[in-house]
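Values in this text are rule-based calculations from the coordinates and carry no lab data. Treat the numbers as computed from the prediction; the structure is a model and nothing was measured. FYI the Cβ positions are ideal-geometry reconstructions off the backbone, even for glycines, and counts take in every protein chain you see.
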C-alpha cells in the first residue's frame, strides 16, 4: 500500500483552500433579497429581455454572499431589483399602449361603419 507523499499535503495552493459558505453561516447574516422569483415572473409575463437581465443579477446574489462578497451580493440584489422593476413598468406601458391602440382603432372602425351604412 502506497502512502501519499507529505509534499502533496503542503502544496502552496492547498493552504488557502477554505469553504467560504461556512464562514457566513457563523456570522448569522442572511443573504440579501435575490429577486429571482419576481424576475422569472416578469420575464414570463411582461418583458423578457429586461427580465433576463434581472434573472442574471438575481442568480449572483446568493453565490456572491456565500463566497464572502457581501458588498457584491448587495449590489447584485440592488441591480436585480432595479431591472425587475424596469421590466414590470415596461411591460405595463406596452400592455396599456396595446389596449389603447386597439380601443381607438376599434372605435374608429365602428365610427367608419356608422358613417357608411
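Normalising the average separation of contacting C-alpha pairs (under 8 angstrom, six or more residues apart) by the number of residues puts the relative contact order of the stretch 32-115 at 32 percent. Ordered from longest to shortest, the equivalent ellipsoid semi-axes for the stretch 32-115 are 41, 8, 6 Å, each the square root of 5 times a Cα gyration tensor eigenvalue.
What's the FRET efficiency of residue 98 with residue 41 using the Cβ-Cβ distance as r and R₀ = 22 Å, to the nearest 0.05? Step by step, r from the Cβ atoms, then E = 0.70.
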